[in-house]
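The next block holds one structure in the form of structure tokens; read it before the comments.
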Amino acid sequence: MHSQSCLDVASHIVGMFITVILMAGAILLIRRHQAGRTLHLLWAWINLALTVLFVASMVMALGMASTSGTRAELTKLLAMLVAGLIVGAGYPLFLIIYLGRHVTFRDLK
């Protein structure tokens with residue numbers, strides 16, 4: 001039980017950290033500073049890494065549930081996996097592609 005609460009605290013701290021990065025990046029991007037682009041890209045890469053960790057944990061849970069779980073549990077885990085991929089990777093990938101373009105880079109100068 002103690003290790004789960006430590007993991008919860010760590011995930012909340014990381015969540016607050018990447019939230020601050022995203023908010024600061026948004027403010028700087030609105031003001032057309034180059035640092036806004038950099039912070040958005042940093043947030044996107046961190047968020048993609050966290051999504052990979054989430055997907056890995058869901059695949060492990062799916063593997064454990066497939067041996068002892070019911071069909072409803074498997075369906076729930078699979079739905080969480082798909083939703084996590086869409087939500088966790090969609091916007092970061094968009095940012096990496098859009099803000100990585102040279103046109104956008106020149107536009108912010």
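The values are calculated or read from the model by the stated rules, or taken from the named source; none is laboratory data. Bear in mind the structure is a predicted one, so any value in this text is a computation, not a measurement. We place every Cβ from the backbone using ideal geometry, glycine too, and count neighbours over all the protein chains shown.
Between a first residue in the range 64-89 that is free of Cβ contacts under 8 Å to residues at least 12 places away in the same chain and assigned to a helix (DSSP H, G or I) and a second residue that is surrounded by 12 or more Cβ atoms within 10 Å (Cβ to Cβ) and of a type outside the set (Lys, Arg), which pairs have beta carbons less than 6 Å apart while being 6 or more apart in sequence or on different chains? Within 6 Å, the pairs are 73/65.
Filtering the range 9-61 down to residues that are of a type in the set (Gly, Ala, Ser) and over 21 Å from residue 97 (Cα atoms), which residue is modelled with the lowest pLDDT? Break it down stepwise before answering.
Of the range 9-61, the ones of a type in the set (Gly, Ala, Ser) are 10-11, 15, 24-26, 35-36, 44, 49, 56-57, 61.
Next, from what is left, pick out any that are over 21 Å from residue 97 (Cα atoms): 10-11, 15, 56-57, 61.
Details: 10: 84, 11: 81, 15: 88, 56: 82, 57: 79, 61: 74.
My answer is 61.
Among residues of the range 6-24 that are closer than 27 Å to residue 37 by Cβ and part of a helix (DSSP H, G or I), those with a beta-carbon under 7 Å from a residue that is at pLDDT 85 or above and polar (S, T, N, Q) at least six positions away or on a different chain give the pairs 18/47.
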